[in-house]
Amino acid sequence: MNKIILDNTIPVVLKENKNTPRHAMCFYFKIEEPEKKAGLYTILNRLFLQGTNKRSAAQLAQELDENAIDCYSEMKQDFLRFKLQCLNEDFEKGLEILADIIKNSTLEEFDKEVIKLKGEIQAELDDPKSKALDGFYKNIYKNHPYGHTYTKILEDIDELTKSDVECAYKNLLENSSKIISIAGDFEKDNLEEMLKKHFSDLKNNPDAQSKIPVPQLKENSVVKIVKNDASQAQIIQGWHVPTIYSKDYASIMVMNTMLGSSGLSSRLFLELRDKKGLAYVVRSSYEIYDKAALFNVYIATEPKNIKTCLEGFKVELDKIKNIPVTQEELENAKNNLIGKRQFFTETNLQQSSLMAFYEDKGLGANFEEKLIELVKQVSVQDIQRVANECIKDPFVLTILAPEEYLKEV
């Protein structure tokens, strides 16, 4: 793994994988300005492949298809990233198209994309799980940009203007910190020249400071969402926990694996689904952002089982807090987690994405190797300690169900 710095100070992380047929590239733009209106960055992200000064949306789609170039953008809470993947011999063509998209998007389809987004959100919120998750995130990140969920976007989107999006686009190009990562079979010198040719006129601001505040959760909150046509109750309970910068990051990952993210072997699955038959789906998750992280447990069940499921959650969470796990269970969870991560990093695109993600976080592009070693070092005592530090008040509990079943909660 190598790192070069372009003349405009944009860092480029490189991983050479010989005899692989396709290059993969990620281009990260850090989001440092909190959006004043929910949906601002979502709309901006949707507009990037809708035409440039040189290419219409149709021309862009045709050119990408004819050259078998996979190019798209993604928006997350803390960053916007472009992903590019193509055959080695077509990489410069891909770079030229990507540079055109990044630097010359017209944003002309603004009105059309707003209408489309509103329709898609309304359709998505008809799904019980999506509606429940919307209520959960909106409340656990209340009055914070991380809580700009679908319903919040619907509240704000009619006040959003094309000028707002143009300003956000300009700010992203001129004032954000940027990172490029590439994995593939390349010649380093040739690659550097291509990057200079297509991206040297972009400005970088490596010292930019995020203005997104740290979210606060000060008291327990129970959110009840009535959906009378729901055949399943959706239950989500979550807590603010340390994020990726914490010394406990690896320990929380292993705890999450034990409780609910390892599928059939997880405690929640074995106890609530296999033994008690309470769940259609049950899991836990650990989601990290720059300024915060969440640990949550989720179950989809028959509405009549809501109280039983809440009691089941409490039992399993109390167990991991108060009863030391066995060494065997700990080693199984570590192996499960490490195996999944190794599978996740098999392709050039996956490697490129992860390298840029870690570099963006200031952890170094090779942090995955360090993380595996940290996972191996997690002890029985670490699991019990982080369980007690993470699973405590305050929390947010969100329950979606027909009204008659919510009255008893």
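Answer yes if at least one residue in region 284-294 is surrounded by fewer than 20 Cβ atoms within 10 Å (Cβ to Cβ), of a type in the set (Lys, Arg), within 21 Å of the chain's Cα centre (by Cα) and assigned to a loop (DSSP other than H, G, I, E, B), and no otherwise. Yes - at least one qualifying residue is present in region 284-294. May I ask you to list the residues in region 59-69 that are open to solvent by less than 70 Å² (accessible area, probe 1.4 Å) and either acidic (Asp, Glu) or part of a helix (DSSP H, G or I) (or both)? Result: LEU60, ALA61, GLU63, LEU64. Being charged (D, E, K, R) and either touching a His at 6+ places or on another chain (Cβ under 8 Å) or in contact (Cβ under 8 Å) with a residue 60 or more places away in the chain (or both) is the filter here; which residues of region 199-226 pass it? Hits for region 199-226 are ASP201, LYS203, LYS211, LYS218, GLU219, LYS224. For region 251-272, filtering for residues that are touching a Ser or Thr at 6+ places or on another chain (Cβ under 7 Å) and either closer than 18 Å to GLN327 by Cβ or crowded, with 23+ Cβ neighbours inside 10 Å (or both) leaves 5.
For GLU346, the conditions (1) over 26 Å from TRP239 (Cα atoms); (2) in contact with a strand residue (DSSP E or B) (Cβ under 8 Å, 6 or more places away or on another chain); (3) open to solvent by 40 Å² or more (accessible area, probe 1.4 Å) all hold with the exception of (2). Taking into account only those residues within region 295-331 that are of a type in the set (A, V, I, L, M) and part of a loop (DSSP other than H, G, I, E, B), which is surrounded by the most Cβ atoms within 10 Å (Cβ to Cβ)? Here the residue is VAL325. If you go through region 170-203 and keep only what is out of contact with any helix residue (DSSP H, G or I) (no Cβ under 6 Å at 6 or more places or on another chain), open to solvent by 20 Å² or more (accessible area, probe 1.4 Å) and in a helix (DSSP H, G or I), you end up with LYS170, ASN171, LEU173, GLU174, ASN175, LYS188, ASP189, ASN190, GLU192, GLU193, LYS196, LYS197. Out of all the residues in region 376-391, is one or more polar (S, T, N, Q) and in a loop (DSSP other than H, G, I, E, B)? Yes, some residue in region 376-391 is polar (S, T, N, Q) and in a loop (DSSP other than H, G, I, E, B).
Pairs are defined by a Cβ separation below 7 Å, a sequence spacing of at least 6 or placement on different chains, a first member in region 375-403 that is closer than 23 Å to PRO324 by Cα and without any contact (Cβ under 8 Å) to a residue 60 or more places away in the chain, and a second member that is open to solvent by 20 Å² or more (accessible area, probe 1.4 Å) and in a helix (DSSP H, G or I); the pairs so defined are VAL380/GLN327.
The values are calculated or read from the model by the stated rules, or taken from the named source; none is laboratory data. Given the structure is predicted, the values throughout are model-derived calculations rather than measurements. Note: ideal-geometry Cβ built from the backbone for every residue, glycine included; neighbour counts use all protein chains shown. For the accessible areas, the whole protein counts, side chains as well, though only heavy atoms, and no ligand, DNA or RNA atoms are used. Shrake-Rupley method; radii C 1.70, N 1.55, O 1.52, S 1.80 Å.
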